[in-house]
Amino acid sequence: MNVNRLMVKGVVWNVVRLFLEWLLPAMLMIAPWIFIISESSLRFGMWYQTEAPSFAFMFMAGAVAIAIVIRLMLKDGFAQRSSLHLVVVLPFLVAVWAFVTSLFHQFSGRTLYGYPELGEGGFAYLSVALFSWGVLIVRPRLWQRRLVAFSAVGAIVANAYLLYVFKTERLPVVPYFYPDYLAHYAVYLPLIAGGLLFRRRRWQRVALVLSALLASYMMYISDNRGGMVIWFLGGPLLFLIVWRMMKFKQEQKARQLSAAGVVLAPVAMTIITILIGTELLSLYFKSVDETFLSRFNLINVGFDAIKGDLDSWLIGKGWGMYPELLTMNVPLEWVDLNNIGSSWDALNRIDFHSHNYVFDAFLGGGVIAVVLVTAMMVILPLLSLRRHLPMMAATGIMFSSLSALWFQMPVSWPVMAIAWSSMVNPRVGVIRWPKPSGIRVQVAVVALCGIVLLSLSWHARSFAIRAFPFMPAMKAEHNADAVMGRNCPELLEDFNRGDEHLLRRYNAVTGGITGPLKEARERGILDDQKFIKEISFHMDKLRGTLCAAENRILSGTSSVRLMMMTHSVMNDIASLQENPVFPELAELYLAKWEGRIRLILEEAPGRWDLWGHYLIWLLKEERVEEYDRIAMEIYETYPGTPVAQWFSGISLLNKPGQGEVGLDRMRRALEMGLERLIPVDLEIKEQVMAP
């Protein structure tokens, strides 16, 4: 009887142990398919194509952490040793540094979660570290690593097929409606196929060749012009150089050269951007030329934002802060705000990344983050298995070059972690402490990471779903409360992530009102009772959302972008205040306009263009004393700007003996490009420029 019991217990334990051992590869197999939840019909929040996969990546990394804890408790020796491999340690250190610097950043939550449309932050790098560790653990087990590889390759091929369907049949089943994101998938495909599928070198070479051909097709259909130049011209050349060096038994030099290439590639891309400009490349690749020019503008704006701030050189501004920096530092000396689409498309959509991974790391965490992120790439050729060195060197340099021109979307982050861990030597690059930490410390740290990622990813997902329909209503009798941000029916607390969800909802609500009002004015039906009844429903939503935004701003912790959004809304209201549904709200809200501009200028002193629309409104309202006071003030503060020249000139026109001085200033403003910043009536322009 006792023998039977022992046999049953043994069988049960073997089944349980088998399940526990396969839990880790199962999580790694599921992760590459997180792009599925970016499908539009699922609608996980406002940025369902990016925010949902970001949270899914975090959640899966938390599940991987729990699976690793189980391996550690099962006394898996390789799980213990590989925890200190550099491919795990370096992204973990990036995450730790993000946690430390978040204590000093304005939006600590964004430093950890990243910008909603990208998700690159402390949690993302922590997830990369856990995925890399998981892959190292399963690599010695042939079928576990094969299934992980098959899953990752299948996910990559599925993305290529969905993109093909989207481009040929226009079916909206692709994760993103622009194909450039596929370029990063193409880089990862040969590494995973060649590194994990087979043990025999002959089959590894076959897998490399076939996957490289498929990756070439993927790069072609991605329409990523910079990626295609790097892949088809740089890739084969880099592969052949390293392969030839190894033939002459110069492996160490090949590794050092490859590591130097990984470091210098983004630097070279930046230098090319600055030096070549628009002249040479436009003769051959016009779209590539536009890519380089746009990237130069993005870097230039970011650098101008921090060049005099030594603290930012050390700790950065925070991951995901580029949209804030771009909004605060618009290059007013050349950009056309009246025709943003043709002037610079980055302003039309407010780019959320500098398109250069090294520079974005600098903005995110300062010099230390640059060193750590660069080291993540440098170790790839240095720690590569010898037989994989040519491929690892070529793809490492290509990745650095590509990522100096284009950002990576969250759906491919788990695939990246699998790719980088697939060809490194698991026995080289392992940090060995004089006194290795006990298994209890490892279990505690990894379990904590898993619990944090699981809980916070689920919490962030719940917040995103709640924020999507956020439009609280307030009746007209509460106009004063709405404008003052008090007694709001509902607030949207985003846990210090920078107000992007509230900003997006505010933009949607106001756009749904100002558009119909402008159309109604053109049709002459502003006084129509049916129209008033319909628009009043939306006005209630506007008051409630406006109240939440004002409450956030009055707390003193809002983003400049949210304040800029309220300035834009005030400008819209000013142009529509004569309609029957706006008068009281308009009067109360526009009374805050001057103060709002001054509040923005405290954070973004270079945005003197904001005075333009306000001064136009003062002229329209015939508020002469206020107009003269502000016009002369901004002339004293910003004398060399077209806005100051123009409006101070208008102020001088009616002053005895100052008319000619005023006209000279107005002419100078037009010569300085005033029409790029505010609309100027053609008749007035002709009168001013007349001799």
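The values are calculated or read from the model by the stated rules, or taken from the named source; none is laboratory data. None of the values given here were measured: they were computed from a predicted structure. Glycine gets a Cβ as well: all are built from the backbone with ideal geometry, and neighbour counts include every protein chain shown. Heavy atoms of the whole protein, side chains included, go into the accessibility calculation; ligands, DNA and RNA do not. Shrake-Rupley method; radii C 1.70, N 1.55, O 1.52, S 1.80 Å.
Matching residues to (1) without any contact (Cβ under 8 Å) to a residue 40 or more places away in the chain; (2) surrounded by 24 or more Cβ atoms within 10 Å (Cβ to Cβ); (3) in a helix (DSSP H, G or I):
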| residue | (1), (2), (3) |
| --- | --- |
| 81 | no, no, yes |
| 88 | no, yes, yes |
| 96 | yes, no, yes |
| 106 | no, no, no |
| 125 | yes, yes, yes |
| 131 | no, yes, yes |
| 135 | no, yes, yes |
Answer yes if at least one residue in region 46-57 is closer than 21 Å to residue 456 by Cα, open to solvent by 60 Å² or more (accessible area, probe 1.4 Å) and touching a residue at least 60 places away in the same chain (Cβ under 8 Å), and no otherwise. no
Out of 348, 338, report the one residue that is more than 23 Å from residue 106 (Cβ to Cβ) and touching an Asp or Glu at 6+ places or on another chain (Cβ under 9 Å). 338
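Conditions tested, residue by residue: (1) surrounded by fewer than 22 Cβ atoms within 10 Å (Cβ to Cβ); (2) in contact with a Cys (Cβ under 9 Å, 6 or more places away or on another chain); (3) of a type in the set (S, T, N, Q).
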| residue | (1), (2), (3) |
| --- | --- |
| 533 | yes, no, no |
| 547 | no, yes, no |
| 567 | yes, no, no |
| 573 | no, no, no |
| 586 | yes, no, no |
Being assigned to a helix (DSSP H, G or I), farther than 30 Å from residue 325 by Cβ and open to solvent by 70 Å² or more (accessible area, probe 1.4 Å), is that true of even one residue in region 606-621? yes
Answer residue from region 646-690, given it is open to solvent by 50 Å² or more (accessible area, probe 1.4 Å), hydrophobic (A, V, I, L, M, F, W, C) and under 44 Å from the mean Cα position of the chain (by Cα) and is farthest from residue 632 (Cα to Cα) among those: 682
In the set 644, 586, 631, which member is closer than 30 Å to residue 492 by Cβ, touching a helix residue (DSSP H, G or I) at 6+ places or on another chain (Cβ under 6 Å) and in a helix (DSSP H, G or I)? 586
Yes/no for residue 147 being more than 27 Å from residue 67 (Cα to Cα) and in contact with a Leu (Cβ under 9 Å, 6 or more places away or on another chain): no
Residues that are free of Cβ contacts under 8 Å to residues at least 60 places away in the same chain, at negative phi and open to solvent by 20 Å² or more (accessible area, probe 1.4 Å): which helices (runs of 4 or more DSSP H) entirely in region 312-360 hold 1 or more of them? 340-343, 345-349
Checking residue 377 against (1) among the hydrophobic types (A, V, I, L, M, F, W, C); (2) open to solvent by less than 20 Å² (accessible area, probe 1.4 Å); (3) in contact with a His (Cβ under 9 Å, 6 or more places away or on another chain), which test does it fail? (3)
Suppose the filter is of a type in the set (Lys, Arg), closer than 26 Å to residue 546 by Cβ and within 36 Å of the chain's Cα centre (by Cα); does residue 623 pass it? no
Of the criteria (1) in contact with a strand residue (DSSP E or B) (Cβ under 8 Å, 6 or more places away or on another chain); (2) of a type in the set (Ser, Thr, Tyr); (3) at pLDDT 95 or above, which one residue 82 fails: (3)
Does at least one position in region 429-451 carry a residue that is open to solvent by less than 50 Å² (accessible area, probe 1.4 Å), in contact with a strand residue (DSSP E or B) (Cβ under 7 Å, 6 or more places away or on another chain) and modelled with pLDDT under 90? yes
Residues that are charged (D, E, K, R): find the helices (runs of 4 or more DSSP H) completely inside region 429-548 holding 3 or more of those. 439-467, 500-523
